[in-house]
Amino acid sequence: MRTNDFLDVMHELVTFVRVAELGSFSAAGRQQGVTPSALSRQVTRLEKYMGVTLLQRSTRQHRLTDAGLAVLEHGRSMVAAAQATLPVAEAYVGMPKGRVRISAPKAFSRHVLQPVLLDFLAKYPAVDVHLLVADRWVDPFREGVDLVIRLTDDPPQGLVARALMPVRQIVLASPAYLTAHSPVYMPQDLLGHSCLAIGEQERDSRWRFVRGDDNVEVAVTGRYTVNHSEMRLAAVEAGLGIGCVPDFVAGEALAAGRVVRLLSDWSVDTNYQGMAYLLFAGSRYTAPKVRILIDHLVAGCMPTAA
């Protein structure tokens, strides 16, 4: 292949990098909206131009050859450099415009993010938002997402992290349940009650409470276990027992008096709370459409001082 011929296969090189990074033609096809067979033909064309085999294909999977590994290393750098140049021109345009892709967990998206995004869309009509609602970890590099919201106390390395809001688990019961059962004054009182656990891990049935220097762990039991916060709240409202729910999910039910908060002077120490962070790749040339959404989300989600 002549040196100047790279312009003829640049598109194929990008396709090869995406297929290699995502692990399959199907995954790359879903991301790009192209059939796997079309992507396979593009990689074959690249191999023909280069005169080497990049992927050893089988019916179920493919494996990078030594040449493929070397091409991937240099191709990934080229694609990253090309992507970094795209926002440069846009940074000089005053009006933010274009599409921004953002991912966030389901409950957070519904209760916190939705009204903030609707307000953003009304204020910036030239910016479109693609919201990917998913409780799994979404890799912004591999999946082409501009912004990721994640609940954690340890933001991942390699990404810029902007704090949005603290998230706490709170203990709730319905007024009817409390009328029919013994009161709860201390964490140990939960031992005599039906409690709704998350149930994703064995330790989810051991609720840990902290108040100053006091640490108490209670092994709770109950008839209903569900790893969906809104369904857990609905079960609490129905009087099935006492449950832990994120504070932003419980806000409306608390305000309406459908549930009552218990043990408010204790904090519940679980793996499902912490700071909600907005994560994104750092760059000197953050596109205006992304920068303005970042600022809007930080301002809209962070609680106002009392």
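The values are calculated or read from the model by the stated rules, or taken from the named source; none is laboratory data. Treat the numbers as computed from the prediction; the structure is a model and nothing was measured. In this analysis, Cβ positions are derived from the backbone assuming ideal geometry, glycine residues included, and neighbour counts consider all displayed protein chains. Just the protein is used for accessible areas: all its heavy atoms, side chains included, with ligands, DNA and RNA removed. Shrake-Rupley method; radii C 1.70, N 1.55, O 1.52, S 1.80 Å.
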Just subtract the alpha-carbon distance of ASP295 and ALA134 from 0.36 nm times their residue separation and send over the number in nm, one decimal. 55.7 nm
Would you please give the residues with an amide H less than 5 Å from that of MET165, counting only those at least 5 places away or on a separate chain, with H modeled from the backbone geometry? ALA276
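Which number do you get for Rg(Cα) / (2.2 N^0.38 Å) in the chain? Numbers along the way, then the final one.
Working: Rg = 25.0 Å, N = 306, 2.2 N^0.38 = 19.4 Å.
For the chain, the normalised Cα radius of gyration is 1.29.
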Between HIS74 and ALA27, Cβ-based FRET efficiency (R0 22 Å, step 0.05) works out to 0.50
Rounded to the nearest 500, the 222 nm mean residue ellipticity computed for the chain from DSSP H runs (n ≥ 4, each -39500 (n - 2.57)) alone is -11000 deg cm²/dmol
Average accessible surface area per residue within the chain, 1.4 Å rolling probe, Å²: 55
Expressed in nanometres to one decimal, the distance between label points 7 Å along Cα→Cβ at GLN157 and ASP269 is 2.7
Karplus couplings for the stretch 99-106 from phi (6.51 cos²θ - 1.76 cosθ + 1.60, θ = phi - 60°), rounded to Hz, Gly and Pro as x? 9, 10, 9, 9, 10, 7, x, 4
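If you roll a 1.4 Å probe over the stretch 169-269 with all protein chains in place, what percent of the accessible area is carbon or sulfur?
Answer for the stretch 169-269: carbon and sulfur cover 49 percent of the accessible area.
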Hey, rough spin-label estimate for ASP214 and THR179, points 7 angstrom out along Cα→Cβ, what's it come to in nanometres? 2.9
With +1 on the Cβ of every Lys and Arg and -1 on the Cβ of every Asp and Glu, the dipole magnitude of the chain about its Cα centre, in debye rounded to the nearest 20, is 960
Give the total of Lys-Lys pairs in the chain with Cα-Cα distances below 26 Å; include a pair only if its members are 8 or more places apart or on different chains. 5
Within the stretch 12-26, backbone nitrogen closer than 14 Å to the virtual label 7 Å beyond the Cα of ARG41 toward Cβ: 12
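So if we plug the beta-carbon distance of ARG57 and GLU200 into 1/(1 + (r/R0)^6) with R0 = 35 Å, what FRET efficiency do we get, rounded to 0.05?
Step by step, r from the Cβ atoms, then E = 0.40.
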The long-range amide H neighbours of ILE170, using H built 1.01 Å from N in the peptide plane and a cut-off of under 5 Å, are VAL245, ASP247
